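Step one of this worksheet: look at the structure below.
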């Protein structure tokens, strides 16, 4: 959303800059050009309404729906609350602690990277309420036994997230990709 916001801000500011310079330098010509465009648009709409009143009404409905849907969606995306980038640690009493999702991902990457036949690991960590949802994308040697390696990855992930970090593990999704076999 940040890239979209910047792009829209640049477009609007460039338009305001150009329009402001034109109106300031050529005020009467600018107003006449705007008046000509509005007159042309009015004539085109009137001609379309007379040619096909049903399509004109359908066009009005589509325009109103787009005028509500597009800005409404963008506004909702702008003001919605983002997901927290930290998870609450399960502690006794009134003490509170939070661990960033990046820290959880780094620790998982290190621990899972130590496993035999694991070539690369990319954990994706998100918080969901008080739980941590984890997606683990990993590349392994081609000769591993997938069920055994998956159980090993699940066990290490549970140990790291729940026992060592004190978090509640929510959904866990392990995605294994094999490296290609080497030709002999």
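Readers should treat all values here as calculations from the given coordinates under stated rules, not as data from a laboratory. Note that this is a predicted model, so its numbers are computed, not measured. Methodologically, a virtual Cβ is constructed for each residue, glycine included, from the backbone with ideal geometry; neighbour enumeration extends over all protein chains shown.
I'd like the orientation of helix 27-51 relative to the chain: the angle between its Cα long axis and the longest Cα principal axis, in ° from 0 to 90, rounded to 10.
90 degrees
Once label points are set 7 Å from the Cα along Cα→Cβ at both residue 12 and residue 33, what is their separation, rounded to one decimal in nm?
2.3 nm
Which angle between 0 and 90 degrees, to the nearest 10, do you get for helix 101-113 versus the longest principal axis of the chain when only C-alpha atoms count?
Between the helix axis and the principal axis of the chain, the angle is about 40 degrees.
Tell me, in nm to one decimal, what length is gained between residue 177 and residue 130 on full extension, where the rule is 0.36 nm per residue of separation less the Cα-Cα distance?
So the chain would gain 13.9 nm between residue 177 and residue 130.
Using the alpha-carbon centroid of each, what span in Å lies between segment 144-184 and segment 83-135?
Rounded to whole Å, the Cα centres lie 14 Å apart.
Measure nothing but the geometry: give the 0 to 90° angle between the long axis through the Cα atoms of 146-158 and the longest principal axis through the Cα atoms of the chain, rounded to 10°.
Rounded to the nearest ten degrees, it is 80.
Sort the following peptides by mean Cβ neighbour count (other Cβ atoms within 10 Å, averaged over residues), highest first: 15-22, 156-163, 91-98. The partial results should precede the final answer.
Working: 15-22: 10.8, 156-163: 16.6, 91-98: 8.1.
Listed from highest to lowest mean packing, they are 156-163, 15-22, 91-98.
Build a GNM of the chain with springs between Cα atoms under 10 Å: which of 138, 32, 148 gets the top mean-square fluctuation?
Of 138, 32, 148, the most mobile in the Gaussian network model is 32.
Alpha carbons only, please: Rg and Dmax for the chain, in angstrom.
Just the Cα atoms of the chain yield Rg and Dmax of 28.8, 80 Å.
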